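Visitor: The structure under discussion is supplied below as C-alpha cells; questions concerning it will follow.
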Amino acid sequence: MPTCRRKRVVLTEPSEALLQAAKSNPNKEVYYLQQTGEIFETYEAYAARMSFYRLKQFQCEVTGKSGLDYFQALESEQQEAQTMHSRFPEPLKAAVLKAVQWQVVGRLDHLVEAVFDRFKDRYFVDEKVFVDAQGDKFYAKVVQVHPPKTKGDSVGVPAENQASSSSVPSPPHGIADDDAVQIHKIGGDLKIPAKEALVRDDPLKYFYKIQILEEQHEKSHEKGKAASKDKAKWSGSFMDVQCSVMSRDRLAFSKSILRRFIRDCVDRDAAVASPWTVKPVIAKHYGVDSVMPEETRKGVEDIKRGEIDKRKKIWEDKEGPPTKKQKKMTAAQEERVKALAVAAEKREREAREKAERQQKAKEEAERLAAEKKKKKPIRYPTEDLDVRLNDKEKKAGLKVKKPTPSKLGLPFGENQGTFEAFLTSWNFLVIYGQPLHLSTFTMDEFEHALRHSVIDPPCPLLGEIHSTLIYNLRTVPFARHSAVLSLLRLQDTLEEDHRVLGVSVDELAGAMADVGNNWERVPLRHTEMRDGWEEALLGCLKDHATLDNFPRLREVLTRLLFAPEPHAEVSSSSSSSRVSSPAANDLSVQSSPCDRYYTLPPADRIDILTLMCNLAVSSKAVHSHMESCEEQLTALRKEKIEIGRQKKQYTEEMNSLAGETEVKEPGTNGVIPDEDAMMHESSDLSDVPSEDGSETASTSSARQKRSTRQKDLRQKAHTQAHAKQRELARAQAASAKQALAEHRRLDEEVNKLERRLEAIEREFRKLLGAVRVKPLGKDRFHNRIWWFDGMGSASLLGSGGVVQYGTGRIFIQGPSEMDLELISKKEDDDYETRRLEEEGPEGMLAPSEWAQYAEPEELDEFLAWLNPKGVRELALKNSFIKWWGHIAPGMRKRISDLNISAKLPEARRSTRTKSSGHDISREPYMMWTNRRAVSSV
C-alpha cells in the first residue's frame with residue numbers, strides 16, 4: 001500500500017447515509033474512482049480525493065521511491081511485487097508464511113533475520129538449487145527430501161556425494177507419505193527456540209535426492225571441450241546430497257527479497273504486541289490457517305499483558321514511586337525537605353524559562369530565515385508568467401500592452417479554418433517544390449490565383465500546381481471509383497430523393513462515369529499550357545477521394561460537373577441586389593470541369609488542394625526528398641563543427657600575431673653598446689705600435705698620422721653601427737609588414753568562414769523546413785510565432801544577394817489546448833485577467849486562431865513588448881535577432897511590390913480607352929512561370 005508521509009493511505013469508505021441510500025434507491029448516481037474502487041456522493045469529494053492522489057508526495061512501500069503520485073506508487077508496488085513473487089521460490093512460500101503466522105515480533109527486520117536463519121539450510125521438493133560436486137557447480141532440482149534417520153533405521157548412507165542412476169542406493173525408504181508433512185516442521189517453527197530446534201531437527205542430517213538439469217550457468221568460464229563433456233554427462237542424472245553442498249540463487253533467496261516477500265504478504269494491527277498475520281487472501285491460497293489457535297491466542301494475550309504492565313511500570317517509575325506512609329519527621333528534617341522542595345521548584349522554574357527562551361529564539365530564527373528566503377533574488381530568465389513589470393521599468397518606457405495583430409488581413413481571414421488549410425497547402429507546395437518540379441511563388445500570388453475566376457485567359461499557376469500534384473498522385477496507391485462507392489454508401493443512409501444543389505447521387509454518379517477515366521495516363525504537357533488538367537483533376541478525385549478524407553466531396557463534384565440554367569445565371573448576375581430563391585442555386589445542366597472549375601469558390605479549391613497535398617505526402621518522391629534532406633542536414637552539422645574549429649584556430653593565430661606586433665621595437669639603446677665596442681676596438685688599434693713608432697714618436701708628423709688614423713677608424717665604426725641599425729630596422733619593418741599581411745589574410749579567412757556559416761544557417765533552415773516546420777518561438781501567453789520564409793525550395797536571397805520573400809509577414813497562432821491545460825494546472829487565476837490587460841480583447845487569440853503582423857513598425861513594437869527575463873520570450877527575441885536581417889527587408893519588399901501592383905492598373909487605364917478595362921494578364925500572379933517544369937511532361 002503506498003505511503004504518504006510514512007503513513008499508509010487508508011481508502012475512503014462510503015458514508016452510512018450513502019449505504020442507506022443505495023438500499024432505498026439502487027439507481028442513485030454516484031462518482032466512482034475506478035483505480036481504487038472508492039465511491040463518492042458529490043463531485044467535490046471525488047475531485048478532492050483525485051487531487052490528493054495526484055500530488056507528488058507518495059512513496060512506494062516496496063522500493064522506497066518517493067516523489068510519486070498515488071497511482072504511480074501503486075503501479076510501482078505492483079510491478080515490484082510481481083517481480084519478487086516470480087523470483088521467490090514457490091515451494092518455500094507456504095513454509096515461510098506458516099512460520100511467520102501469529103508471531104509477536106516488534107520489528108520486521110528481526111522477523112526476517114529469524115526466518116532467514118531457520119530456512120537458509122532447509123530445502124523443499126521442486127526447489128531449484130546449485131550443487132557443488134567434484135569441483136563443479138551444477139544446476140539441479142530437488143526431487144525428494146529425506147528427514148533424519150531414527151535409531152531403528154539401517155545405516156546405509158553414502159559417504160560421499162556421487163552421481164547415481166536408478167540403481168544407486170537412496171536414503172531410507174520406510175517413510176510414509178504422511179511424513180512428508182513433517183519435513184522441517186520443528187526447524188521452521190519460530191515458537192521453538194533456535195538452539196532447541198537445531199538439536200531436535202538438525203538440517204545437516206537431511207538428505208536430498210536431486211536431479212541434475214541441463215547446464216545453464218558459467219558457460220563463458222569453460223576451458224576446453226573436455227570440461228564441457230565431463231559436465232554434460234551428468235545432465236539428467238540423480239544424486240543424493242546434503243545441505244552443506246547446496247545453495248540457492250541469491251536473486252531468489254536473500255534477506256532483502258525475503259523482507260519484501262514477508263512485507264507484501266503479512267500485516268499487523270497498531271495495538272501493543274499485536275502479532276504478524278498473513279493477509280486472508282494469501283493465507284487461503286497457500287493453505288495457512290487463518291483462525292488463531294486457542295493456545296496461541298492465550299500466549300499472545302500474555303505477551304500483550306506483560307508488555308502493557310512493563311510500560312505501566314516504566315511510566316510509574318518516571319512519575320515517581322507511589323506515596324507510602326512515612327514516619328513523622330523532626331523539625332530539622334522538615335526544614336531540610338522544604339529547602340529541597342524550594343530548590344527543586346526554583347530549578348524547574350529556571351528550566352521552564354530557559355525552554356521558553358530557546359523556543360522564542362528558534363521561532364525568531366525561523367522567521368528571519370523565511371524572510372531571507374522570500375527576499376532571495378530571482379534568477380533570470382525564469383517562467384514568463386512569473387515576470388512582472390515594476391514601476392521603474394514602466395517609467396523607463398517598456399511596453400505594457402502588445403500591439404494588436406490583424407485577423408482581417410489574413411488571406412481568407414473571414415474563416416479561420418479556410419485560412420489554415422490555405423496556409424498548409426501553400427507551405428507544402430513551396431517546401432516540396434523540388435520533388436514536385438514546381439517553382440516558388442509568394443503567398444499573395446497563390447491567394448490571387450485561387451481567386452481567379454476568368455476562363456480566358458487561364459491562370460498558369462493553377463494549371464501548374466494541379467498538374468504537378470496529379471503527376472505525383474499517379475505514384476500513390478489508389479482504389480478505382482472510390483468516390484462513387486463512397487457516395488453510393490452515403491445514399492443508403494439518405495432519403496430516396498435527397499438532393500444537393502438540385503442534383504441527386506445517381507445523377508452525379510452518372511455524370512462522373514465518362515469524365516477523367518484515363519487521368520493517370522493523360523499527358524499534361526508544360527508546352528501546351530497543361531491543357532486538360534481540369535478533367536484529370538476530376539479523375540484523380542474519383543479514385544483518391546472519399547467522404548472520410550474529403551467531407552465536401554459531393555458538393556465539389558456537383559459544382560465541377562453541373563451548371564445552372566443559362567437564364568438563371570444571367571438573371572442572377574444581372575441583379576446582384578436581389579435575393580435569389582433556393583431554386584436559383586440549383587445546378588441542372590451537365591457541364592465539363594474545364595468550364596466549371598473557375599466558378600468554384602476559393603474555399604472549395606483550397607479543400608481540393610489540401611486533399612491532394614495530404615495524399616502527396618505519402619508519395620515516394622516526397623519521402624526520398626525528406627531522406628535526402630536528413631542526409632544533407634547531417635553533412636551541414638559536420639561542416640559547421642569543422643568551420644567552428646577552423647575559426648577558433650584562425651582567431652588564436654590572429655591574437656598571437658597581435659601580441660607580437662605590440663612588443664616594443666628596440667631603439668638606439670641597442671646600437672650604443674655596439675658603437676662603444678667599436679670605439680673601444682678603435683682605441684686598441686690606435687695603441688698598437690707601428691714599425692718605426694719607437695723612433696719617431698716625438699715628431700709632430702707621427703702624431704698627425706695617428707690622429708688621422710684614429711679619426712678614420714672612429715668614422716668607420718659609426719658607419720658600421722648605423723648600417724647595423726638600419727638593417728635591424730628594415731628586418732623589423734619587414735617582419736611587421738609580414739605579420740600585418742598575415743593578420744589581414746587570417747581576418748579575411750575568418751570573414752569567409754562567417755559568411756559560410758551564414759549560408760549554412762540559411763541552407764539549414766531550408767532543409768529543416770522540409771523535415772519539420774517549427775515556429776520561431778512562443779510569447780509569455782504561449783502564442784506561437786511563425787515565419788515561413790526561406791524554407792524548402794524557397795530562398796531568402798536571390799541572385800546577387802537580392803532579398804526574396806514568401807509570405808513577407810509574421811503569423812501569430814493562439815495557444816494550443818495542451819498549453820492551456822498546463823497553465824490551468826498551475827492554478828494561475830490571474831492568467832485571463834493579465835491577457836486582457838496586456839493583449840486587449842481584440843488581441844487575445846483563441847486556441848489555434850491566427851493573426852498576422854504585416855508592417856515592420858508593428859513588428860518593432862512587438863519586439864519592444866517582449867521581455868527577455870522570461871525563458872520563452874528570451875528565446876523568441878534571440879530568434880528574431882538572428883533572422884532580423886531577412887525578416888524586415890522581406891516585409892518591406894512585399895509592401896513595395898503591393899504598392900507597385902496597385903499603381904499599375906491606373907497607369908494602364910490611362911493609355912487605353914474606357915472600354916478596354918483592366919488587363920488581368922499583367923497581374924504578378926498571371927506572369928508567374930514554372931522554371932522547374934520538366935520539358936517532357
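Visitor: In region 7-26, is there at least one residue being assigned to a helix (DSSP H, G or I) and buried (at least 17 other Cβ atoms within 10 Å of the Cβ)?
Guide: No, region 7-26 contains no residue that is assigned to a helix (DSSP H, G or I) and buried (at least 17 other Cβ atoms within 10 Å of the Cβ).
Visitor: Any residue in region 34-63 that's in contact (Cβ under 8 Å) with a residue 40 or more places away in the chain and surrounded by 11 or more Cβ atoms within 10 Å (Cβ to Cβ): show its pairings with residues that are among the small types (Gly, Ala, Ser) and not in a strand (DSSP E or B) at Cβ separation under 7 Å, as long as the two are six or more apart or on different chains.
Guide: Pairs that qualify, where the first residue is in contact (Cβ under 8 Å) with a residue 40 or more places away in the chain and surrounded by 11 or more Cβ atoms within 10 Å (Cβ to Cβ) and the partner is among the small types (Gly, Ala, Ser) and not in a strand (DSSP E or B), are PHE58/ALA73; GLN59/SER66; GLN59/ALA73; CYS60/ALA73; CYS60/SER76; VAL62/ALA81.
Visitor: Which of the following residues is out of contact with any helix residue (DSSP H, G or I) (no Cβ under 7 Å at 6 or more places or on another chain) and loosely packed, with under 15 Cβ neighbours inside 10 Å: GLU842, GLU742?
Guide: Sole residue among the options that is out of contact with any helix residue (DSSP H, G or I) (no Cβ under 7 Å at 6 or more places or on another chain) and loosely packed, with under 15 Cβ neighbours inside 10 Å: GLU842.
Visitor: Taking interchain pairs and intrachain pairs at least six residues apart, which have beta carbon atoms under 6 angstrom, with the first residue in region 424-437 and at negative phi and the second of a type in the set (A, V, I, L, M)?
Guide: Correct list of pairs: SER425/LEU609; TRP426/MET443; VAL430/ALA794; ILE431/ALA770; ILE431/MET791; TYR432/VAL622; PRO435/ALA621; PRO435/VAL622.
Visitor: Given the structure, is LEU108 closer than 21 Å to THR3 by Cβ, surrounded by 14 or more Cβ atoms within 10 Å (Cβ to Cβ), among the aliphatic types (A, V, I, L, M) and out of contact with any Cys (no Cβ under 9 Å at 6 or more places or on another chain)?
Guide: Spelling it out, LEU108 is indeed closer than 21 Å to THR3 by Cβ, surrounded by 14 or more Cβ atoms within 10 Å (Cβ to Cβ), among the aliphatic types (A, V, I, L, M) and out of contact with any Cys (no Cβ under 9 Å at 6 or more places or on another chain).
Visitor: Can we say LEU408 is without any contact (Cβ under 8 Å) to a residue 24 or more places away in the chain, under 30 Å from PHE781 (Cβ atoms) and not in a helix (DSSP H, G or I)?
Guide: In short, yes.
Visitor: Hey, does region 757-775 have a residue that's closer than 30 Å to GLU832 by Cα, touching a strand residue (DSSP E or B) at 6+ places or on another chain (Cβ under 6 Å) and not small (Gly, Ala, Ser)?
Guide: Yes, region 757-775 contains a residue that is closer than 30 Å to GLU832 by Cα, touching a strand residue (DSSP E or B) at 6+ places or on another chain (Cβ under 6 Å) and not small (Gly, Ala, Ser).
Visitor: Provide a single number: the residues in region 509-556 that are in contact (Cβ under 8 Å) with a residue 60 or more places away in the chain and of a type in the set (Asp, Glu).
Guide: 3
Visitor: Collect the residues in region 66-112 that are outside any helix (DSSP H, G or I), charged (D, E, K, R) and at pLDDT 85 or above, keeping them in residue-number order.
Guide: Scanning region 66-112 gives a single hit, ASP69.
Visitor: Being of a type outside the set (Asp, Glu), part of a helix (DSSP H, G or I) and at pLDDT 90 or above is the requirement here; does TRP884 meet it?
Guide: In short, yes.
Visitor: Restricting attention to region 113-146, which residues are assigned to a loop (DSSP other than H, G, I, E, B) and surrounded by fewer than 15 Cβ atoms within 10 Å (Cβ to Cβ)?
Guide: Those that are assigned to a loop (DSSP other than H, G, I, E, B) and surrounded by fewer than 15 Cβ atoms within 10 Å (Cβ to Cβ): VAL125, ASP126, GLN134, GLY135.
Visitor: Test each condition in (1) buried (at least 18 other Cβ atoms within 10 Å of the Cβ); (2) over 15 Å from ASP779 (Cα atoms); (3) among the β-branched types (Val, Ile, Thr) for ILE812 and report the one that comes out false.
Guide: Failing condition for ILE812: (2).
The values are calculated or read from the model by the stated rules, or taken from the named source; none is laboratory data. Everything quoted here is computed from the prediction, not taken from an experiment. Because the Cβ atoms are built from the backbone with ideal geometry, glycine has one as well, and the counts that use them run over all protein chains shown.
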